[in-house]
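The values are calculated or read from the model by the stated rules, or taken from the named source; none is laboratory data. Keep in mind that this is a model prediction, so the values were computed, not measured. Here the Cβ positions follow ideal geometry from the backbone for every residue, glycine too, while neighbour counts run over all protein chains shown.
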Amino acid sequence: MKNVLGDNLTLTLFGESHSDYIGATLDGLTPGIKIDDSVIKHYLSLRRPCSCMDTARVEEDEYKIISGEFNGYTTGAPLTIIIPNKNVNSNAYTDLENKARPSHADYAAYMKYHGFADYRGGGHFSGRITAPIVALGAICIDALNKKGIKIATHIYKCGNVIDKEFEKEEELDLVNNKKIPLINNLEENLEKEILKAKENKDSIGGIIETAIYNMPAGVGDPWFSSIEGKLSNSVFSIGGVKGIEFGLGFGFGEKMGSEANDEFIINNGSIKTKTNNNGGINGGITNGMPITFKCAIKPTPSIGLKQNTVDFKNNKEVELEIKGRHDPAIIRRICVVITAISAITICDLLITRYGEDYLK
């Protein structure tokens with residue numbers, strides 16, 4: 001089982017949904033970065049369940065940094081954070097040990113790990129493991145902010161609710177300070193869509209949009225280390241993400257070259273493009289325009305409706321009715337996770353391009 005992401009700044013994950021602790025380590029991070037407790041707590045709060053639209057499992061996420069920090073600053077040594085799991089209910093999974101929950105990793109994990117994987121709450125595959133990603137990502141977000149680089153993610157589409165796309169830098173600050181990350185005031189409409197699915201013992205997916213503003217031009221490499229490739233690798237490591245497109249994405253398939261091309265211009269002495277259909281990337285390298293991408297988020301696979309599946313130990317078909325505490329939609333809580341993992345990846349790319357001290 002490989003749990004390491006990155007080149008010169010690496011992220012390592014550990015723990016399971018119902019284990020005593022979950023955690024993560026960032027190795028290669030710039031020494032001298034201030035660790036702001038209020039920033040970490042803020043971003044963790046954006047991930048935490050907070051309404052009837054979320055799971056009933058609420059963890060306080062009382063994190064502890066156990067290495068790589070001294071006197072409130074990073075030391076350059078591996079930065080490791082642990083978060084206790086307190087609000088667990090393993091009994092809800094006793095009857096599911098041998099049953100493949102549809103669209104979950106149960107059967108695939110059984111085949112790979114020969115039945116030794118912790119199945120409680122999804123084990124190491126659980127969305128619970130994203131909490132330490134958000135905690136360490138918050139430190140990277142704060143460091144990038146101090147360099148003028150901003151990252152944010154909002155709900156673009158969920159059911160019949162469609163938000164606007166990012167257009168201004170201030171919109172990133174707006175959604176990074178909202179429990180429900182929308183640019184427009186569509187919170188009530190979104191709640192209705194999600195609660196409708198919940199009342200029907202079902203779940204709902206959607207589309208999110210991420211934007212990264214003020215990235216310097218010239219970061220990334222062609223071919224196998226492109227910006228698209230690095231971000232896609234990170235984003236697809238988050239459970240529930242099933243598709244990604246950069247800039248105009250699949251919309252390019254409906255355009256002529258004359259419509260799709262981003263013409264270059266001089267704007268206040270700086271080289272920019274008139275449009276940003278390519279999402280701030282040419283040839284796998286940043287061109288100085290905002291990096292933008294959208295992700296397809298699948299409906300939460302744990303639903304209350306009866307479903308058909310198999311008992312993979314006894315090799316027979318069975319009926320399944322999932323109990324326990326689950327989100328009717330993960331789209332609200334996944335936004336900050338995508339922001340965090342993107343921030344860690346962007347820091348890795350910048351350290352690779354400019355050196356370990358770039359984020360000071």
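For the reader, a short list of remarks on this structure follows.
- Within segment 184-241, the set of residues being touching a Lys or Arg at 6+ places or on another chain (Cβ under 6 Å), more than 30 Å from GLY122 (Cα to Cα) and part of a strand (DSSP E or B) comprises TYR213 only.
- Condition check for ASP142: free of Cβ contacts under 8 Å to residues at least 60 places away in the same chain and either outside any strand (DSSP E or B) or touching a His at 6+ places or on another chain (Cβ under 6 Å) (or both): no
- Search result, residues across segment 32-61 that are charged (D, E, K, R) and modelled with pLDDT under 95: ARG48, ASP54, ARG57, GLU59, GLU60, ASP61
- None of ILE291, ILE271 is at pLDDT 95 or above, more than 22 Å from ALA131 (Cα to Cα), among the aliphatic types (A, V, I, L, M) and surrounded by fewer than 19 Cβ atoms within 10 Å (Cβ to Cβ) except ILE271.
- Any hit, segment 92-103, residues being in contact with a Lys or Arg (Cβ under 6 Å, 6 or more places away or on another chain) and either under 17 Å from ASN3 (Cβ atoms) or part of a helix (DSSP H, G or I) (or both): yes
- Within segment 265-298, the set of residues being over 26 Å from LYS157 (Cβ atoms) and part of a strand (DSSP E or B) comprises ILE265, ILE266, ASN267, SER270, ILE271, LYS272, ASN282, ILE285, THR286.
- Checking each residue in segment 64-119 for being touching a strand residue (DSSP E or B) at 6+ places or on another chain (Cβ under 9 Å), aromatic (Phe, Trp, Tyr) and closer than 17 Å to GLN307 by Cβ picks out only TYR107.
- Matching residues, segment 145-165, being under 30 Å from ILE351 (Cα atoms) and under 17 Å from the mean Cα position of the chain (by Cα): LYS150, ILE151, ALA152, THR153, HIS154, ILE155
- Summed over segment 17-31, residues that are crowded, with 17+ Cβ neighbours inside 10 Å, modelled with pLDDT of 95 or more and either touching an Asp or Glu at 6+ places or on another chain (Cβ under 6 Å) or within 26 Å of ASP118 (Cα to Cα) (or both) total 6.
- Looking only at residues of segment 136-165 that are within 15 Å of ILE207 (Cα to Cα) and basic (Lys, Arg), we find that the one that is surrounded by the most Cβ atoms within 10 Å (Cβ to Cβ) is LYS157.
- Residue under evaluation LYS168, criteria (1) under 21 Å from the mean Cα position of the chain (by Cα); (2) exposed (fewer than 15 other Cβ atoms within 10 Å of the Cβ); (3) in a loop (DSSP other than H, G, I, E, B), criterion not met: (1)
- Residue list for segment 309-342, filter: within 20 Å of LYS196 (Cα to Cα) and free of Cβ contacts under 8 Å to residues at least 24 places away in the same chain: GLU321
- Here ALA296 does not qualify as under 28 Å from ASP54 (Cα atoms), among the aliphatic types (A, V, I, L, M) and in contact with a helix residue (DSSP H, G or I) (Cβ under 6 Å, 6 or more places away or on another chain).
- Taking (1) farther than 30 Å from GLY247 by Cα; (2) in contact with a strand residue (DSSP E or B) (Cβ under 9 Å, 6 or more places away or on another chain); (3) surrounded by 15 or more Cβ atoms within 10 Å (Cβ to Cβ); (4) not hydroxyl-bearing (Ser, Thr, Tyr) in turn, ILE133 satisfies each apart from (1).
- Among the residues making up segment 219-236, those that are in contact (Cβ under 8 Å) with a residue 40 or more places away in the chain and surrounded by fewer than 16 Cβ atoms within 10 Å (Cβ to Cβ) are PRO222, TRP223, SER225, GLY229, ASN233.
Residue-wise test of (1) over 25 Å from ARG325 (Cα atoms); (2) surrounded by 15 or more Cβ atoms within 10 Å (Cβ to Cβ).
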{"site": "ASN98", "(1), (2)": "no, yes"}
{"site": "ALA105", "(1), (2)": "no, yes"}
{"site": "ALA108", "(1), (2)": "no, no"}
{"site": "HIS114", "(1), (2)": "yes, no"}
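- All positions within segment 14-47 that are under 26 Å from ASN91 (Cβ atoms) and in contact (Cβ under 8 Å) with a residue 40 or more places away in the chain: GLY15, GLU16, SER17, HIS18, SER19, ASP20, TYR21, ILE22, GLY23, ARG47
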